[in-house]
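To keep things clear, I will list the structure first and then write my remarks on it.
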Amino acid sequence: MRIGIIGAGMMGGALGRLLADAGHEVLLSSRHPEQLGERARDIGGQCGPIIQAATWGDVILLAIPFGSTEDLDMAVKDALMHKVVLDASNPIADRDGYAYDEVQEAGTGSGSWTQRRLYGVHVVKCFNTVHYEVLEKEAHREGDRIGIPVASDHDDAIETASQLVRDCGFEPVVVGKLAESKRFDPGTAVWNSSMSAPEVKAALGVE
Ligand SMILES: NC(=O)c1ccc[n+]([C@@H]2O[C@H](COP(=O)([O-])OP(=O)(O)OC[C@H]3O[C@@H](n4cnc5c(N)ncnc54)[C@H](OP(=O)(O)O)[C@@H]3O)[C@@H](O)[C@H]2O)c1
């Protein structure tokens, strides 16, 4: 699968490497693609501008500051239409300002906020609960794997994301619709907990 990654920092880099190692084609992008050549080569992928990641990718990973999704160019948002977009971003009060406030006020989770900004896109919230160093160190571990909560309003997005989570060496835990992403946003018990999949399921009361 071709994975276009928007945001080539700690999360985009760590997930890009895991996805490339799993045999996917990866393209890293940011507002400064000219700075990404070495990192892209290192993980065995390509790099380019954000619009290229959005048009080229079969699936897109959003790994940028939470509130920045709103500011993506209209051409980028149009290119994402009907695609599965994995949203790994987290609303952080100091960084995301009013976007953080809106998530708190709406009470329908950070995934719903992103979905409202990306019309016609199949947004799935996942990978936001796990620190990038945990991604790097714990992928494909023996025994119970770390659980990655997954939520979307679109069944195809749930299916695709779950497979990509497995490909990266973790275990998906399907939580439900995007409004349920509030159950694994920052500040919840499972967020940044490194819980195994059985522990995440028990904490969230899902199968
Ligand atoms: N770090 C973690 O362990 C971790 C874990 C789970 C979730 N997250 C979430 O994942 C997201 C990325 O975190 P990170 O730690 O990877 O951040 P980071 O290392 O600071 O990287 C952010 C990336 O996004 C790009 N970017 C910044 N502002 C942008 C904008 N307005 N439009 C497009 N691209 C922009 C940056 O490149 P340019 O500035 O060159 O564009 C950079 O490539 C955040 O929402 C964070 O909360 C992080």
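When the Cα gyration tensor is reduced to axis lengths a ≥ b ≥ c, the ratio a/c is 1.5 or higher for the chain, and with a/b not above b/c it is classed as oblate. Give the longest segment of the chain that steers clear of trypsin sites (Lys or Arg not before Pro) in DSSP loops with at most 12 neighbouring Cβ atoms within 10 Å, not counting the sites themselves. Excluding the exposed sites themselves, the longest stretch runs over 32-140. By the count of neighbouring beta-carbon atoms within 10 Å, fewest first, T108, T114 end up ordered T108, T114. Here's the picture: charge each Lys and Arg Cβ at +1 and each Asp and Glu Cβ at -1 in the chain, and of L204, I51, L72 the one pushed furthest to the positive end of that dipole is I51. Between the range 29-96 and the range 1-17, the alpha-carbon centres lie 8 Å apart. Phi angles across the range 129-137 convert, under the Karplus curve 6.51 cos²θ - 1.76 cosθ + 1.60 with θ = phi - 60°, into 3J(HN,Hα) values of 8, 10, 5, 4, 5, 5, 4, 5, 8 Hz, Gly and Pro given as x.
None of the figures in this text is laboratory data; all of them are computed from the coordinates on show. Keep in mind that what you see is a predicted model, and the values were worked out from it rather than measured. In this analysis, Cβ positions are derived from the backbone assuming ideal geometry, glycine residues included, and neighbour counts consider all displayed protein chains.
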